[in-house]
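Since every read-out is calculated from the coordinates, none of them should be taken as a lab result. All values derive from a computational prediction rather than experimental measurement. Cβ: placed from backbone, ideal geometry, glycine included. Neighbour counts: every protein chain shown.
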Amino acid sequence: MSEQNNPAKGNLIWMLDDLFDSREIEVIREMLQERGYRLVVTRSDAYRSDYPEYAPHAKGILIQVNFPLGEKDIKGLTSCKIISVTGIGFNDLDLDAATKQGIPATNAPGFCVEEVSDHALALILALNRHLPECQDITGKGLWEFEDVWSIRRLKGQTLGLVGVGKIGRAVASKARAFGLRVKAYDPYLSKSEMNQLHIDSAEFDDLVSTADFVSLHVPLNEETHHLINEEVFGSMKDTAFLINTSRGDVVDESALINALKTRKIAGAGLDVLSQEPPEAGNPLLSMPNVIVSPHSAFISHEALIELGAMCTKAIIDTLEGKVPENILNPEVLTKNQ
């Protein structure tokens, strides 16, 4: 049956996702149904079997951040008008292939600003109070605190932000409420722009050598890959903590492990790793001065509802002839005219 004679396939939106639960999917489904579109959800374990049925007919694709979509997959999306990435990062999407095929792609920056900034502050607070070590002590059946005498008062310490986008700015605002001094490095912001944000501007080398907490809020690209490396760890204070809620490969993980083992830095709070999920023997998972969360900083029910709605709107706008927000390859728009 041709697509024209099969309305169910002619108005198909295909969602590739292992993240959203039924509550969030229903919000997306209702938004699409109001505009006459039908949603089909495929989980990763069924992707290859579902691909021949849905790929040629899908008008729009909703795809989870960590759901790879390569050149070969994109070539089969012969009816697709828009790929909407349900998240901020889009490293698993072959954007060049989408552009070559004339398919605009969008993402959802800013949907989890509150959640990620809260998570970064939670890691800072937990590390500063040595909560992992305290949990280790009590978990062994002990009730003593001699091993955590090195705890310092948070107020008056310096937080160094690498990257001052929406999340970095939210972290700065919340950190000041705890009495932290905030300085930041961002090559895309001028000193006057930093001043307007009430953040002290600093050069990268100065920031990493003077901050008590170095918190990363940058995308992963050629400029930031292994930005935090052995040389950086060598210049950090041995009492400093590294916080990473951005992307795992912003940090040279082997250099981080060495810096922690040799006490070049005091500890780390990590929501992201170079390999996710990590191998069972990754030393970071068992170090008493390290907190690792499973790339969960973005999560709240409210954030996921907002994310689904934002990405679904991009699909609807595109199919209704409007320019979607947060387009990643705007050159496609002129190419398609």
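Give me the distance between the Cα centres of the range 283-337 and the range 47-91, rounded to whole Å.
So the two Cα centres are separated by 14 Å.
Beyond 19 Å between alpha-carbons counts as too far, so tell me which of 166/191; 174/237; 237/261 fall in that bin.
Violating the 19 Å limit, Cα to Cα: 174/237.
Would you calculate, for the chain, the mean residue ellipticity at 222 nm contributed by helices, counting each DSSP H stretch of 4 or more residues as -39,500 (n - 2.57) and dividing by all residues, to the nearest 500?
Values: 14 runs with 125 residues, N = 337.
Theoretical 222 nm ellipticity from helices: -10500 deg cm²/dmol.
Could you order the peptides 230-243, 181-194 from most to least packed, using the average number of other C-beta atoms within 10 Å per residue?
Values: 230-243: 19.2, 181-194: 15.9.
The densest-packed peptide leads the list: 230-243, 181-194.
Stokes-Einstein diffusion coefficient for the range 148-223 at 4 °C in a medium of 1.567 mPa s, Rh from the Kirkwood formula over Cα pairs: what value in µm²/s?
Details: Rh = 12.7 Å.
Diffusion coefficient, whole number: 102 µm²/s.
Mind listing the long-range amide H neighbours of residue 60? Cut-off is under 5 Å, sequence gap 5 or more, other chains count too, H placed in the peptide plane at 1.01 Å from N.
Under 5 Å from the amide H of residue 60 lie the amide H atoms of 14, 81, each far enough along the sequence or on another chain.
What are the extents of the Cα atoms of the chain along their three principal axes, listed from largest to smallest and rounded to whole Å?
75, 51, 32
Stretched out fully, how many nm does the piece from residue 43 to residue 275 gain, at 0.36 nm a residue minus the Cα gap? Don't skip to the answer; put the middle values down first.
Numbers: separation 232, 0.36 × 232 = 83.52 nm, distance 2.08 nm.
The residue 43-residue 275 span can extend by a further 81.4 nm.
So for the range 259-298, what are the equivalent ellipsoid semi-axes in whole Å, largest first, each being the square root of 5 times an eigenvalue of the Cα gyration tensor?
18, 12, 8
Please list the radius of gyration and Dmax for the range 113-292, considering alpha-carbon atoms only, with Å as the unit.
Rg, Dmax (Cα atoms, Å): 15.8, 53.
Could you calculate the contour length gain from residue 78 to residue 322, that is, 0.36 nm times the residue separation minus the distance between their Cα atoms, to one decimal place in nm? Could the numbers behind the result be given before it?
Details: separation 244, 0.36 × 244 = 87.84 nm, distance 2.03 nm.
So the chain would gain 85.8 nm between residue 78 and residue 322.
Among the lysines, which have Cα under 25 Å from the Cα of residue 59 when same-chain residues fewer than 8 positions away are ignored?
Here the lysines satisfying the reach criterion relative to residue 59 are 9, 72, 75, 81, 100, 313, 322, 335.
For the range 298-307, what does the Karplus curve 6.51 cos²θ - 1.76 cosθ + 1.60, with θ = phi - 60°, yield as ³J(HN,Hα) per residue in whole Hz, taken in order and with x for Gly and Pro?
For the range 298-307, the Karplus-derived couplings read 7, 7, 7, 4, 5, 5, 5, 5, 4, 4 Hz, x marking Gly and Pro.
Would you mind computing Rg(Cα) / (2.2 N^0.38 Å) for the range 194-263, counting N as its residues?
Values: Rg = 12.4 Å, N = 70, 2.2 N^0.38 = 11.1 Å.
Scaled against compact globular proteins, the figure is 1.12.
Per residue, how big is the convex hull around the C-alpha atoms of the range 1-144? Give it to me in cubic angstrom, could you?
Values: hull volume 23.0 nm³, N = 144.
Each residue corresponds to 160 Å³ of Cα convex hull volume.
Counting pairs of alpha carbon atoms under 8 Å apart in space and at least six apart in sequence, what relative contact order in percent does the chain give? Mind dumping the intermediate values first?
Numbers: 598 pairs, mean separation 62.0, N = 337.
Result for the chain is 18 percent.
When 69, 62 are ordered from fewest to most other Cβ atoms inside 10 Å of their Cβ, what list results?
On the way: 69 23, 62 27.
With the fewest neighbours first, 69, 62 line up as 69, 62.
So if R0 is 25 Å, what FRET efficiency would residue 300 and residue 92 give, r being the distance between their Cβ atoms, rounded to the nearest 0.05?
On the way: r = 23 Å, r/R0 = 0.91.
According to the calculation, E is roughly 0.65.
For the range 62-191, compute Rh as the Kirkwood radius over C-alpha pairs and then the Stokes-Einstein diffusion coefficient at 25 °C and 0.890 mPa s; write the answer in µm²/s, rounded to an integer.
Working: Rh = 18.3 Å.
Translational D for this selection: 134 µm²/s.
Using R₀ = 41 Å, calculate the FRET efficiency as 1/(1 + (r/R₀)^6) where r is the Cβ-Cβ separation of residue 135 and residue 235; round to 0.05.
On the way: r = 30 Å, r/R0 = 0.74.
The formula returns an efficiency of 0.85 here.
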